[in-house]
1. Since residue 27 meets every condition but one in (1) aliphatic (A, V, I, L, M); (2) surrounded by fewer than 17 Cβ atoms within 10 Å (Cβ to Cβ); (3) over 25 Å from residue 171 (Cα atoms), which condition does it not meet?
2. What are the pairs with Cβ atoms under 6 angstrom where one residue, in the stretch 80-96, is more than 21 Å from residue 143 (Cα to Cα) and the other, located anywhere, is of a type in the set (D, E, K, R) and open to solvent by 20 Å² or more (accessible area, probe 1.4 Å)? Sequence gap at least six, or different chains.
3. Report whether or not residue 171 is of a type in the set (D, E, K, R) and touching a residue at least 12 places away in the same chain (Cβ under 8 Å).
4. Kindly evaluate residue 122 against the criterion of being hydrophobic (A, V, I, L, M, F, W, C) and in contact with a helix residue (DSSP H, G or I) (Cβ under 6 Å, 6 or more places away or on another chain).
5. What are the residue pairs meeting all of these: first residue in the stretch 58-72, first residue more than 19 Å from residue 11 (Cβ to Cβ), second residue in a loop (DSSP other than H, G, I, E, B) and of a type outside the set (Val, Ile, Thr), Cβ atoms under 6 Å, and 6 or more apart or on different chains?
6. Would the stretch 37-56 turn up any residue that is of a type outside the set (Gly, Ala, Ser), at negative phi and in contact with a Lys or Arg (Cβ under 9 Å, 6 or more places away or on another chain)?
7. Report yes if residue 19 is within 25 Å of residue 150 (Cβ to Cβ), touching a helix residue (DSSP H, G or I) at 6+ places or on another chain (Cβ under 6 Å) and open to solvent by less than 50 Å² (accessible area, probe 1.4 Å), otherwise no.
8. So, in the stretch 122-157, exactly how many residues are assigned to a loop (DSSP other than H, G, I, E, B), open to solvent by less than 50 Å² (accessible area, probe 1.4 Å) and at pLDDT 95 or above?
Amino acid sequence: MTARIVIVGISGTGKSACGKYLAESALLPLHHMDAIIWGSHWIETPEDRIRSALSGISSSEKWIVEGWVDTYSTDIIQQSDIVLYLDYPGWLAALGGVQRWWAYKGKKRPEMPEGCTEGFDLGFLRDMLLRKERPHIESVLAQMRPLNVIRVRSRRETGRFLAELALTIRKSAEDQDE
């Protein structure tokens, strides 16, 4: 069984945490879009290099890619077995964003390049509350029409789905080893 998983959602929904959990429990390589999109000190990577990196990942049999999607995400979305869409209410995303800021304020998150320290911005908090990134995500997914989008609307629902998915992937790998 191949296991190619994309995790998307607005900021603050916990895409990185979900990716980390699934990577550890299903033994899959994890790729963070933030590490692909951003260079040190928040310098944005040119789009052709982002496309190239994603094309390289998508050609592998097993992977998880979590984070922001855009038109450069065509390869990973079209090659994915599952697109897990964390479609949470704005208040839950904003809560997640504040929790992330509190945990990493003034520091770099593990998945971020050097010099990309966590900050707090009221405009960004407002964007999470109002789910301002959602129309863009919806548009990208509509353009690419992935076959298997799993939309979850709460952390509890996400936790159940991830646990079941990790178990299925591990069992499939064990069956192949026999």
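1. (3)
2. 90/131
3. On the way: of a type in the set (D, E, K, R): yes; touching a residue at least 12 places away in the same chain (Cβ under 8 Å): no.
Answer is no for this residue.
4. Details: hydrophobic (A, V, I, L, M, F, W, C): yes; in contact with a helix residue (DSSP H, G or I) (Cβ under 6 Å, 6 or more places away or on another chain): no.
So residue 122 does not fit the description; no.
5. 62/28; 63/29
6. No, the stretch 37-56 contains no residue that is of a type outside the set (Gly, Ala, Ser), at negative phi and in contact with a Lys or Arg (Cβ under 9 Å, 6 or more places away or on another chain).
7. Spelling it out, it is not the case that residue 19 is within 25 Å of residue 150 (Cβ to Cβ), touching a helix residue (DSSP H, G or I) at 6+ places or on another chain (Cβ under 6 Å) and open to solvent by less than 50 Å² (accessible area, probe 1.4 Å).
8. The initial filter retains those residues of the stretch 122-157 that are assigned to a loop (DSSP other than H, G, I, E, B), namely 130-133, 145-148, 153-154.
Okay, now just the ones that are also open to solvent by less than 50 Å² (accessible area, probe 1.4 Å), so 133, 146, 154.
In the following step, the residues that additionally are at pLDDT 95 or above were identified as 133, 154.
Qualifying residue count for the region: 2.
The values are calculated or read from the model by the stated rules, or taken from the named source; none is laboratory data. Small disclaimer: the values here were computed from a predicted structure and weren't measured. We place every Cβ from the backbone using ideal geometry, glycine too, and count neighbours over all the protein chains shown. Note: accessible area is taken over every heavy atom of the protein model, side chains too, but ligands, DNA and RNA are not part of it. Shrake-Rupley method; radii C 1.70, N 1.55, O 1.52, S 1.80 Å.
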